[in-house]
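Asker: Got a structure for you, questions after.
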Amino acid sequence: MVDLRRRNFMRAKKVSTPPAVRLPWTADETLFTRGCTQCGKCESACEENIIIKGDGGFPEIDFSLGECTFCQKCVGVCEEPLFTTFDVAPWQLNIEIKSDCLATKQVHCQICQDSCETEAIVFKYLQASVPQPNIILADCSGCGACVSVCPESAIKLSTSLLGVQNE
Ligand code: SF4
Ligand code: SF4
Ligand code: SF4
């Protein structure tokens, strides 16, 4: 007999779990999880210590631990053919500022702007009494530096790699 409670739980889990952010220049999510041997060399190679063992033991990026410097070391130590070439963007990342942002609650905060080397975060008054952050996507490198410095964890970076289902 089909256990409906279990089936509904599994469906809910699938919908609510965002796809992992893989290593920069990962070509395809399906190829990655098929080809990665979970050797852990990329984790050891990352001097920023932002690569963790994620679901199923596969490596993923945790921007709450720091930023990616695009040093390419994780890709360099990997012995599997999981990556694109370095002449394309390392990630197709989506970035958004959630409603937890202090500025949206009329509290002065511009910490994220100070962390952004490419000056992709700009603050404007709009119709609020304190300046509100806005991310210029064309200028965002996807480094994640703004994520860990935000006191409210209000900045979310998510991946849209080939083969990733954003259900
Ligand atoms: S490119 Fe460098 S900083 Fe970025 S995840 Fe790989 S090893 Fe870490
Ligand atoms: S650091 Fe976080 S809370 Fe502060 S303005 Fe930026 S997004 Fe908002
Ligand atoms: S992820 Fe984008 S907005 Fe955030 S610090 Fe890096 S370049 Fe700036």
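Asker: Which value, in nm² and rounded to one decimal, describes the direction-averaged projected area of the C-alpha convex hull of region 76-167?
Answerer: Mean projected area for region 76-167: 7.8 nm², to one decimal.
Asker: Quick one: which residues, 5+ away or cross-chain, put their amide H under 5 Å from the amide H of Val21? H built at 1.01 Å from N.
Answerer: Ile61
Asker: Distances over 20 Å make up what percent of all Cα-Cα pairs in region 58-116?
Answerer: Looking at region 58-116, the distances longer than 20 Å represent 45 percent of pairs.
Asker: Taking every pair of alpha-carbon atoms in the chain, what share in percent sits in each 5 Å bin, from 0 to the bin with the longest distance?
Answerer: The calculated distribution, bin by bin, is 1, 8, 15, 18, 17, 13, 11, 8, 5, 2, 1, 0.
Asker: With a 10 Å cut-off between alpha carbons and a GNM built on the chain, which of Glu29, Glu48, Glu80 moves the most?
Answerer: The residue with the greatest mean-square fluctuation here is Glu80.
Asker: Specify the angular offset, from 0 to 90 degrees and rounded to the nearest 10, of the alpha carbon long axis of helix 4-16 from the longest principal axis of the alpha carbons in the chain.
Answerer: 60
Asker: Shifting gears a bit: Counting helices only, and only those DSSP H runs with n ≥ 4, report the 222 nm mean residue ellipticity of the chain as the sum of -39,500 (n - 2.57) divided by its residues, in deg cm²/dmol to the nearest 500.
Answerer: Taking each H run of at least 4 residues, the total per residue is -6000 deg cm²/dmol.
Asker: Along each of the three principal axes of the Cα atoms of region 34-78, give the extent in whole Å, ordering the values from largest to smallest.
Answerer: 26, 22, 14
FYI, it's all coordinate maths here, none of it is from the lab. Here the structure is a predicted model, which is why all the values come from computation and not from measurement.
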